[in-house]
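Novice: Just dropping this structure here.
The values are calculated or read from the model by the stated rules, or taken from the named source; none is laboratory data. Computed from a predicted structure; not experimentally measured. Please note: Cβ atoms are built from the backbone with ideal geometry, for glycine as well, and neighbour counts cover all protein chains shown.
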Amino acid sequence: MSTTMEAITDHGPGHPDTVDRSGAPLVELKDISISFGGIHAVERASLDLYPGEVVALLGHNGAGKSTLIKILSGAYKRDSGEIFVRGEAAAIGNPRDAKAYGIETIYQTLALADNVDAAANLFLGREILTPWGTLDDGAMEAEARKVMGRLNPNFRRFKEPVKALSGGQRQSVAIARAILFNAKILIMDEPTAALGPQETAQVGELIKELKKEDIGIFLISHDIHDVFDLADRVVVMKNGQVVGGAKTGDVTKDEVLGMIILGKCPPGATPGPGAMKD
Ligand SMILES: Nc1ncnc2c1ncn2[C@@H]1O[C@H](COP(=O)(O)OP(=O)(O)OP(=O)(O)O)[C@@H](O)[C@H]1O
Ligand SMILES: [Mg+2]
């Protein structure tokens with residue numbers, strides 16, 4: 001899928017900006033840099049996220065989106081820069097540290113165990129045991145029903161191996177697993193890239209539920225059409241640098257395409273170090 005310059009004239013969705021940004025951000029990345037060999041994969045990138053907010057991180061293939069977010073999730077170690085969680089410096093050196101801060105990542109592959117059911121997937125590696133040390137299947141299924149009820153009340157297929165589920169249903173299992181363990185910051189890397197329109201809409205519904213619970217979401221995509229309507233703000237990266245960020249209602253899709261393709265920061269956006277100088 002590629003972003004095209006077809007005639008897109010619509011303005012931002014204009015959904016009222018209900019995000020409260022008066023307190024400390026849920027998470028703040030400041031001046032993050034990382035190189036592989038001699039290549040600056042991410043260079044002085046800054047990004048923040050507030051409770052109940054969806055921030056779309058956009059940019060072409062190789063822009064540095066996944067690398068930046070892997071620093072937040074503890075998968076990569078940054079060369080420089082700082083991470084703050086709720087205003088306090090956070091020591092994130094590995095994925096376990098990130099999870100302790102309530103940061104959970106859902107990769108495109110979802111990392112589900114295909115041959116077991118939803119409940120078994122939710123508790124994979126963190127199983128509930130009976131006092132006798134055996135698996136407490138009843139307790140796990142009850143918890144699974146509770147969390148799925150919150151997220152996707154129509155979900156009924158608790159007894160089937162997850163490989164039998166649709167893409168959207170599998171996505172809800174992966175999200176349920178993250179929030180079951182109290183994720184406050186959710187990173188979704190290309191969540192809808194492999195889904196059809198109906199399933200993409202279903203992921204949109206899931207995201208709205210998560211917002212209601214004040215969970216903050218980084219939504220990574222290289223396709224603006226996938227995420228524009230879901231995001232409260234967009235941040236665009238190019239060649240490892242942040243081009244700029246804007247509230248979705250303050251920029252048009254065309255302008256965001258201009259940020260992605262040309263690195264041109266429109267008047268409604270705040271420029272970053274990667275903005276084209278004119
Ligand atoms: N482990 C690694 N080793 C070497 N280079 C890497 C590594 N991870 C990423 N890179 C490089 O860093 C740059 C940024 O890649 P990244 O995967 O973050 O881009 P992206 O914006 O997520 O792209 P896409 O939309 O294709 O997922 C690329 O030049 C990539 O080749
Ligand atoms: Mg990527």
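Novice: From the list S221, S172, S166, which residue is among the hydroxyl-bearing types (S, T, Y) and surrounded by fewer than 20 Cβ atoms within 10 Å (Cβ to Cβ)? Outline the logic, then answer.
Specialist: Numbers: S221 fails: surrounded by fewer than 20 Cβ atoms within 10 Å (Cβ to Cβ); S172 fails: surrounded by fewer than 20 Cβ atoms within 10 Å (Cβ to Cβ).
S166 is the lone residue from the list that is among the hydroxyl-bearing types (S, T, Y) and surrounded by fewer than 20 Cβ atoms within 10 Å (Cβ to Cβ).
Novice: Something else about it: Only residues that are in a loop (DSSP other than H, G, I, E, B) and within 12 Å of ligand 1 (Cβ to nearest atom): list them for the stretch 215-231, please. Can you show your working first?
Specialist: The first filter runs over the stretch 215-231 and keeps only residues in a loop (DSSP other than H, G, I, E, B), leaving 215, 222-223, 228-231.
Listed by number, the residues that qualify are H222, D223.
Novice: Given the conditions (1) more than 25 Å from D226 (Cβ to Cβ); (2) touching a Lys or Arg at 6+ places or on another chain (Cβ under 9 Å); (3) buried (at least 19 other Cβ atoms within 10 Å of the Cβ), and given that M140 satisfies all but one, which numbered condition is not satisfied?
Specialist: Result: M140 fails condition (2) only.
Novice: Could you give me the residue pairs with C-beta distances under 7 Å whose first residue belongs to the stretch 77-92 and is on the phi > 0 side of the Ramachandran plot, whose second residue is surrounded by 11 or more Cβ atoms within 10 Å (Cβ to Cβ) and of a type in the set (S, T, Y) wherever it lies, and which are 6+ apart or on separate chains?
Specialist: Pairs found: G81/S33.
Novice: Considering every residue within the stretch 102-119, establish whether at least one is over 17 Å from the mean Cα position of the chain (by Cα), outside any loop (DSSP other than H, G, I, E, B) and either closer than 24 Å to V242 by Cβ or away from ligand 1 (no atom under 16 Å from the Cβ) (or both). Quick ask: steps written out before the conclusion?
Specialist: Taking the stretch 102-119 as the starting set, the residues that turn out to be over 17 Å from the mean Cα position of the chain (by Cα) are 112-119.
Right, trim to outside any loop (DSSP other than H, G, I, E, B) and you get 118-119.
Among the residues that remain, those that are also either closer than 24 Å to V242 by Cβ or away from ligand 1 (no atom under 16 Å from the Cβ) (or both) are: 118-119.
Checked against the condition, which is being over 17 Å from the mean Cα position of the chain (by Cα), outside any loop (DSSP other than H, G, I, E, B) and either closer than 24 Å to V242 by Cβ or away from ligand 1 (no atom under 16 Å from the Cβ) (or both), the stretch 102-119 yields at least one hit.
Novice: How many residues does the stretch 177-214 hold that are crowded, with 21+ Cβ neighbours inside 10 Å and farther than 22 Å from D232 by Cα?
Specialist: 1
A quick yes/no check of all residues on (1) more than 27 Å from G268 (Cβ to Cβ); (2) touching a helix residue (DSSP H, G or I) at 6+ places or on another chain (Cβ under 6 Å):
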| residue | (1), (2) |
| --- | --- |
| V162 | yes, yes |
| G167 | yes, yes |
| V173 | yes, yes |
| A183 | yes, no |
| T192 | no, yes |
| G196 | yes, no |
| G204 | no, no |
| D214 | no, no |
| A231 | no, yes |
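Novice: Out of the stretch 181-208, which residues are touching a residue at least 40 places away in the same chain (Cβ under 8 Å) and within 14 Å of the chain's Cα centre (by Cα)? Let's see the steps before the verdict.
Specialist: Taking the stretch 181-208 first, the residues touching a residue at least 40 places away in the same chain (Cβ under 8 Å) are 181-191, 193-194, 202, 205-207.
Selection gives A183, K184, I185, L186, I187, M188, D189, E190, P191, A193, L206, I207.
Novice: To continue, here is another question. Could you list all residues from the stretch 147-163 that are modelled with pLDDT of 90 or more and assigned to a helix (DSSP H, G or I)?
Specialist: Our first condition is that a residue be modelled with pLDDT of 90 or more; within the stretch 147-163, this holds for 160-163.
Passing the criteria: V162, K163.
Novice: Cβ-Cβ under 8 Å, sequence separation 6+ or interchain: first residue in the stretch 16-34 and modelled with pLDDT under 90, partner outside any loop (DSSP other than H, G, I, E, B). Which pairs?
Specialist: D17/K247; D17/G249
Novice: Any residue that is surrounded by 20 or more Cβ atoms within 10 Å (Cβ to Cβ), outside the structural domain of S46 (by TED's automatic domain parsing) and assigned to a loop (DSSP other than H, G, I, E, B) - is there at least one of those in the stretch 78-97?
Specialist: The answer is no, given that none of the residues of the stretch 78-97 is surrounded by 20 or more Cβ atoms within 10 Å (Cβ to Cβ), outside the structural domain of S46 (by TED's automatic domain parsing) and assigned to a loop (DSSP other than H, G, I, E, B).
Novice: Which ones in the stretch 232-243 are part of a strand (DSSP E or B) and either in contact with a Phe, Trp or Tyr (Cβ under 8 Å, 6 or more places away or on another chain) or within 18 Å of P25 (Cα to Cα) (or both)? Write out each step before concluding.
Specialist: From the stretch 232-243, those part of a strand (DSSP E or B) are 233-238, 241-243; that's our starting set.
Hits for the stretch 232-243 are R233, V234, V235.
Novice: Looking at G249, G240, G258, which is the one that is away from ligand 1 (no atom under 12 Å from the Cβ) and farther than 17 Å from E53 by Cβ?
Specialist: Working: G249 fails: farther than 17 Å from E53 by Cβ; G240 fails: away from ligand 1 (no atom under 12 Å from the Cβ).
That would be G258, the only listed residue that is away from ligand 1 (no atom under 12 Å from the Cβ) and farther than 17 Å from E53 by Cβ.
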